[in-house]
Amino acid sequence: MGSGEWRMGKASHLMVFHALHSPFATPDFGFAMTMTMTKTANALTLDVQTDGLRAINQRLQNVPKGSNETHWTIANPAGEHALAAGLQSPIRVEIMGTAGYYCAGMNKEATVIVHGNVSTGVAENMMSGYVRVKGNASQSAGATAHGGLLVIEGDAAARCGISMKGVDIVVGGSVGHMSAFMAQAGALVVLGDAGDALGDSLYEAKLFVRGTVKSLGADCIEKEMRPEHLELLTQLLAKAEMTADPHSFRRYGSARKLYNFSIDNADAY
Amino acid sequence: MCGIVGLYLKDKSLEKSLGKMFTPMLIEMTNRGPDSAGVAIYRDPVGKTEIKVTLAHTDPAFDWSALAAKLTALHGKSKVTKIGNHCVLVSKASEEEVRAFLAAEAKDVRVVGAGHVIEIFKDVGLPRAVADMYDIESAHGSHAIGHTRMATESAVTTAGSHPFATGQDLCLVHNGSLSNHNTLRQWLRKNAKIEFQTENDTEVAAAYLTWKLREGHSLKQALESSLTDLDGFYTFVAGTADGFAVLRDPIACKPAVMAETDDWVAFGSEFRALATLPGVEKAKVWEPEPAIVYSWGRA
């Protein structure tokens with residue numbers, strides 16, 4: 001099948017499509033659905049305005065492992081919520097514009113590149129894979145994410161990495177207030193500045209900030225940058241394709257004073 | 001929830017298309033606020049010796065012309081234009097004279113907004129229906145502020161819809177909820193002699209700003225002092241004769257996104273409200289920081 005437009009929706013067309021591109025079958029996809037896809041040299045294109053969000057997500061979520069349909073672009077995202085959420089195979093999805101809330105949420109194995117900005121909760125609860133935002137991110141980027149790599153080339157707003165549980169987050173610009181709040185594991189790398197209350201009630205996540213930190217949250221302290229931290233930071237910057245001298249960063253972490261109840265605080269309750 | 005949007009045109013040649021650019025922004029916020037909707041439009045400034053007042057009455061057949069004739073006889077030339085369920089009155093009378101006249105002659109008529117450029121239209125129903133009723137799509141003007149309401153703490157009524165007027169050519173829209181509005185309402189009633197039309201929390205915020213402005217504070221100062229005096233969570237957009245201002249509570253509970261190009265500045269609760277604006281793909285897009293007053297305009 002060469003370049004051009006495929007209009008599916010009739011059994012005969014689907015059959016042709018099956019014959020040429022197997023495996024394709026997705027039972028809950030249905031025959032009644034009409035979907036326009038354009039095939040460019042390397043990628044299959046879906047259009048949010050014509051295909052609809054739900055159909056696109058179902059299509060992407062149902063790409064089977066081992067499929068040749070590994071490269072997708074999504075046109076006209078127009079800030080729609082939950083775009084490319086719940087992906088679970090190693091495909092590459094490029095979103096050609098600005099996405100809404102929870103973009104690439106719960107991602108597993110997939111690579112999602114956003115050629116624009118994202119709203120609240122990009123890559124929230126990501127398990128693995130790679131999410132890269134070319135523009136800015138709104139608040140709660142990478143919230144509760146367990147694994148994978150989230151890269152934001154621009155700024156991230158408040159609560160970046162809130163309750164992160166193992167994801168690595170690299171931000172080319174600055175992060176807003178309450179970033180890494182209750183962050184449990186993983187690393188947050190910020191090439192710019194951090195806002196108020198960085199790392200409040202932090203557990204074991206590692207925070208690296210190159211610029212200024214407006215204030216540190218409760219139990220978050222600056223820590224010594226040891227060789228193993230420089231090595232980790234060097235690796236993360238390389239993986240994120242960011243150019244910065246690891247020696248120009250400071251490391252922050254938990255003072256571990258909130259881990260256990262202190263009897264001296266009994267009066268406070 | 002609730003959705004708020006604002007659009008300010010830097011490029012004057014776009015002013016004829018204000019409604020066309022703005023209406024999709026309002027309608028896109030329908031699922032954040034399907035109960036009621038409202039818009040403040042800044043257009044057609046009246047003369048220095050005139051006042052423009054947007055009025056509302058629950059009776060759709062209310063005789064606005066008769067009201068204007070009475071006002072003309074008492075205070076000089078006054079004319080009315082009926083738009084949807086509201087009416088825009090332009091009069092040689094002062095705002096105080098109009099208010100005193102209404103209090104004496106037409107107690108059931110509510111003042112929705114007043115000034116030299118502002119017109120406020122608001123109603124219950126889906127944003128699409130409200131936009132159609134007040135012909136927002138064909139509106140021209142320099143800027144507009146809009147609100148879609150999902151009521152949380154007071155009744156779904158036209159009077160409880162946003163925007164709320166906060167003084168001449170000023171209005172307020174709000175996404176959030178205030179927790180000290182009852183005590184503040186009592187305080188403002190007693191100490192600032194402000195009358196309230198509803199039990200709505202945003203009306204209290206609007207009254208608070210009205211009082212601060214009356215005391216001689218600038219809009220920026222008034223908004224900044226609200227950070228200490230208003231308890232709760234909020235994103236505010238305040239419309240002024242020359243532009244608009246944005247303020248989020250100190251921990252930024254409620255969403256807000258801004259976009260700016262050489263031609264316009266826009267605000268939305270979510271980016272999708274801005275997605276249809278021409279040139280948005282090249283716009284500078286960012287999230288306003290908490291507890292900082294952002295303002296745009298010629299002022």
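Dividing the alpha-carbon radius of gyration of chain B by 2.2 N^0.38 Å (N being the number of residues), what value is obtained?
0.94
For the protein assembly as shown, what does the alpha-carbon gyration tensor say about shape, rounded, prolate or oblate, given a ≥ b ≥ c as the root eigenvalues, a/c under 1.5 as rounded, and a/b over b/c as prolate?
On the way: a/c = 2.53, a/b = 1.47, b/c = 1.72.
Cα axes put the protein assembly as shown in the oblate bin.
Among B:10/B:48; B:48/B:284; A:134/B:254, which pairs are too far apart, with a Cα-Cα distance over 27 Å?
Check vs 27 Å cut-off fails for B:48/B:284.
Taking the Cα centre of the stretch B:46-116 as origin, sum charge times position over the Cβ atoms of Lys and Arg (+1) and Asp and Glu (-1), and report the length of that vector in debye to the nearest 20.
220
Based on the alpha-carbon gyration tensor of the stretch B:1-95 and its eigenvalue square roots a ≥ b ≥ c, which shape applies: rounded if a/c is under 1.5, prolate if not and a/b is larger than b/c, or oblate?
The shape class here is oblate.
In whole percent, what relative contact order does the stretch B:46-116 give with Cα contacts below 8 Å and a gap of six or more residues? It would help to have the intermediate numbers written out before the result.
On the way: 115 pairs, mean separation 33.4, N = 71.
Value for the stretch B:46-116: 47 percent.
Of B:112, B:66, B:47, which is farthest along the charge dipole of the stretch B:46-116 in the positive direction, counting Lys and Arg as +1 and Asp and Glu as -1 at C-beta?
Value computed over the given set: B:47.
Report Rg/Rh for the stretch A:44-83, rounded to two decimals, where Rg is the Cα radius of gyration and Rh the Kirkwood radius.
So for the stretch A:44-83, dividing Rg by the Kirkwood Rh gives 0.97.
What is the percent carbon and sulfur in the accessible area of the protein assembly as shown, measuring with a 1.4 Å probe over the protein chains and ignoring ligands?
53
Treating the beta-carbon of each Lys and Arg as +1 and of each Asp and Glu as -1, no other charges, what is the dipole magnitude of the stretch B:177-299 about its Cα centre, to the nearest 20 debye?
Details: 13 positive and 17 negative charges, 69 e Å.
In total the dipole reaches around 320 debye.
7 Å from Cα along Cα→Cβ at both residue B:186 and residue B:105: what's the point-to-point distance in nm?
3.9
In a Gaussian network model over chain B where Cα atoms closer than 10 Å are linked, find which of B:56, B:40, B:252 has the largest mean-square fluctuation.
With Cα springs under 10 Å in chain B, the top fluctuation among B:56, B:40, B:252 is at B:252.
Set Lys and Arg Cβ to +1 and Asp and Glu Cβ to -1, take the dipole of chain B about its Cα centre, and tell me which of B:88, B:144, B:285 lies farthest positive.
Most positive-ward Cα: B:88.
With +1 on each Lys and Arg Cβ and -1 on each Asp and Glu Cβ, how big is the dipole of the protein assembly as shown about its Cα centre, in debye rounded to the nearest 20?
Approximately 480 debye in magnitude.
Which whole-number percent is the relative contact order of the stretch A:147-200 (Cα, under 8 Å, 6+ apart)?
Working: 162 pairs, mean separation 19.0, N = 54.
Contact order relative to length: 35 percent.
Between residue B:154 and residue B:49, what length comes free when the chain is fully extended (0.36 nm per residue of separation minus the Cα-Cα distance, one decimal in nm)?
Using 0.36 nm per residue and subtracting the Cα-Cα distance, I get 34.0 nm.
Quick one: Debye curve from the alpha-carbon atoms of the stretch B:46-116 only, equal weights, vacuum; give me log10 I(q)/I(0) at q = 0.18, 0.20, 0.21 Å⁻¹ to two decimals.
After summing over all Cα pairs, the log10 values are -0.58, -0.73, -0.81.
Accessible area per residue, 1.4 Å probe, Å², for the stretch B:129-223: what's the number?
Values: 3820 Å² over 95 residues.
It amounts to 40 Å² per residue over the stretch B:129-223.
Using a ≥ b ≥ c from the Cα gyration tensor of the stretch B:157-208 (square roots of the eigenvalues), is it rounded, prolate or oblate, where a/c under 1.5 gives rounded and otherwise the larger of a/b and b/c decides, a/b for prolate?
Oblate is the answer for the stretch B:157-208, as a/c is 1.5 or above yet b/c matches or exceeds a/b.
R0 = 60 Å: FRET efficiency of residue B:129 with residue A:239, Cβ-based, nearest 0.05?
Efficiency, rounded to the nearest 0.05: 0.70.
Roughly how much accessible area, to the nearest 100 Å², goes out of reach of solvent when B and A pair up, both sides summed, probe 1.4 Å? Write out the running numbers ahead of the final one.
Working: alone 12490 and 12210 Å², together 23690 Å².
What B and A bury together is about 1000 Å².
Divide the volume of the convex hull of the Cα atoms of the stretch A:52-207 by its number of residues and quote the answer in cubic angstrom per residue.
That works out to 74 Å³ per residue.
The values are calculated or read from the model by the stated rules, or taken from the named source; none is laboratory data. Keep in mind it's a predicted model, so treat the numbers as computed, not measured. Glycine gets a Cβ as well: all are built from the backbone with ideal geometry, and neighbour counts include every protein chain shown. For accessibility, only protein heavy atoms count, side chains too; no ligands or nucleic acids. Shrake-Rupley method; radii C 1.70, N 1.55, O 1.52, S 1.80 Å.
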